[in-house]
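All remarks here apply to the structure that follows.
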Amino acid sequence: MANTPGPVRRSFAPWEDADADPIIRFQAVTKRFGDFTAVDAIDLDIYEREFFALLGPSGCGKTTLLRMLAGFETPSEGHILLDGADVSQTPPYRRPVNMMFQSYALFPHMSVEGNIAFGLKQDGMPKPDIDARVQEMLKLVKLEPFARRKPHQLSGGQRQRVALARSLAKRPRVLLLDEPLGALDRKLREETQFELTDIQQELGMTFVIVTHDQEEAMTMADRIAVMDHGRFVQIDPPNVIYEQPNSRYVADFIGDVNFIEGQVASHTRGQVKLETNSATAAISANSDGTEVAKGDTAWIALRPEKVRIGLDKPKGRGPNAISGEVWDIAYLGDLSIYHVKLDSGEVIKSAQTNQTRMIERPITWDDRVWLSWDRDAGVLLTR
């Protein structure tokens, strides 16, 4: 157990250390393509050994940001620092970074060994050193039995590993990954996510990944930067992004969520009551430091897994409760997602784990049900 990465990852948070120096620093970086601003005056620090994810929809600027870090694009304004040195105008081949592309870009006429060795040969490394490094990379990505095969003789997952090994062979200070798992099927993608984090921990390298897949970012990254229209909306560890989104945009982009809109009826002792069209009684939520005043419009972001569902009205005055009719059910094997239509016409989702194979009275379509949740289950948002 002493060699497991758990203790390291649990305590890894250099962004919270005021004395820690970032390995990568973006300073007021802007990138324009004609009249279009792809990246808009962003500041960002990324630390050594960090697995950092740039997450957002297509066109938000995340790939442009990665390409500027790689040297394939030049900032219109601002500076990019790597190990304290300004590399904004430095060509790609002179930067201690390497990039793994979504297409893998393997040489079809070369074997697995040849693909991994290519960059090392270009750098003029002695042959014995190249052979040793290639064997090291093959072992790292578990491809020793496939060393002499050509790319067309490999599965998609194996080709992805070859591309990763080739990117790592030159031992860059920073590895950039542009949608690296997009071509894999879901099960293989999930397995590869954990393999990538294990490799990153083993090598002690800095990884920066671009993805539009929220689950991918949540699984692998130490921190996530959610982007929209060339700007960062929130930068935080995955659990903070999910449990404490700072806006409806982030809450909606990361995971599934219900929004309940209302007007602030009262705000006392860290507790807010909202009057909504969704319920006859006011809904309670913790303010968690959010500044609101009576009459303000606000939203409660409520994850489906935090919403209980039952045929009977909850007893007592503790939880929030709303009544509605089961409109639809999605059975996902491990989960069942209930879409409940309220009397107001709004639909609230409740996710329940299927812990047993059979129950006496399953909740089904057209049932009149009660949804309930605790005061601290929802996040109060003002934008």
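Tabulated values for the structure
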quantity	calculated
Total residues in the stretch 191-222, condition part of a strand (DSSP E or B) and not aliphatic (A, V, I, L, M)	3
Meets criteria (at pLDDT below 95, assigned by TED's automatic domain parsing to the domain that holds D222 and under 18 Å from M205 (Cα atoms)) for A53	no
Leading residue by the ranking (nearest to V141 (Cα to Cα)) among those in the stretch 171-195 that are under 17 Å from the mean Cα position of the chain (by Cα) and among the charged types (D, E, K, R)	E195
Residue satisfying condition, being surrounded by 17 or more Cβ atoms within 10 Å (Cβ to Cβ) and touching a His at 6+ places or on another chain (Cβ under 9 Å), within set K31, K62	K62
Any hit, the stretch 90-113, residues being over 28 Å from the mean Cα position of the chain (by Cα), β-branched (V, I, T) and part of a loop (DSSP other than H, G, I, E, B)	yes
Filter result (hydrophobic (A, V, I, L, M, F, W, C) and surrounded by 14 or more Cβ atoms within 10 Å (Cβ to Cβ)) within the stretch 125-144	M125, I130, V134, M137, L138, L140, V141, L143
Criterion: touching a strand residue (DSSP E or B) at 6+ places or on another chain (Cβ under 9 Å), part of a loop (DSSP other than H, G, I, E, B) and not hydrophobic (A, V, I, L, M, F, W, C) - qualifying residue of S266, S278	S278
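Per-residue answers, yes or no, for (1) surrounded by 13 or more Cβ atoms within 10 Å (Cβ to Cβ); (2) under 34 Å from the mean Cα position of the chain (by Cα); (3) free of Cβ contacts under 8 Å to residues at least 12 places away in the same chain:
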| position | (1), (2), (3) |
| --- | --- |
| G316 | no, no, yes |
| A321 | yes, yes, no |
| A330 | no, yes, yes |
| D334 | no, yes, no |
| T353 | no, yes, no |
| T356 | no, yes, yes |
| R383 | no, yes, no |
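The values are calculated or read from the model by the stated rules, or taken from the named source; none is laboratory data. Fair warning: this is a prediction, and the values are worked out from it, not measured in the lab. Cβ atoms come from the backbone with ideal geometry, glycine included; neighbour counts cover every protein chain shown.
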